[in-house]
Amino acid sequence: KGRRLGVVETAFLGPTHRLVLVRRDAVEHLVLIGPTYASVIESGIGGATPSESFRAMVGREASPPPEGSRT
């Protein structure tokens, strides 16, 4: 059998925050990871190629969150 779980792509938003596109079976999930938490931003993504859907979600260049932000 093939692998069921994988990281498709990662975008760093700053020194402590990143977006991670995770694939489980044929479903993708966009997760925001911070220094003390992780939050699912979008779940059940499908239909586009992984790289295309990720770039559309975060844009070509992501800007870091403001200093002191707890987003």
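Quick note: the coordinates plus some simple rules give every number you see, no bench work behind them. Owing to the predicted nature of the structure, the values given are computational and were not obtained by experimental measurement. Every residue, glycine among them, receives a Cβ derived from its backbone with ideal geometry; neighbour counts consider all protein chains shown.
Numbers below:
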item: Residues with amide H under 5 Å from that of Val8, placed H, sequence gap 5 or more; result: Leu21, Val22, Arg23
item: Long-range amide H partners of Glu28 with built H, under 5 Å; result: Gly44, Ile45
item: Listed residues Val31, Thr16, Gly2: farthest to the positive end of the dipole of the range 1-42 (Cβ charges); result: Gly2
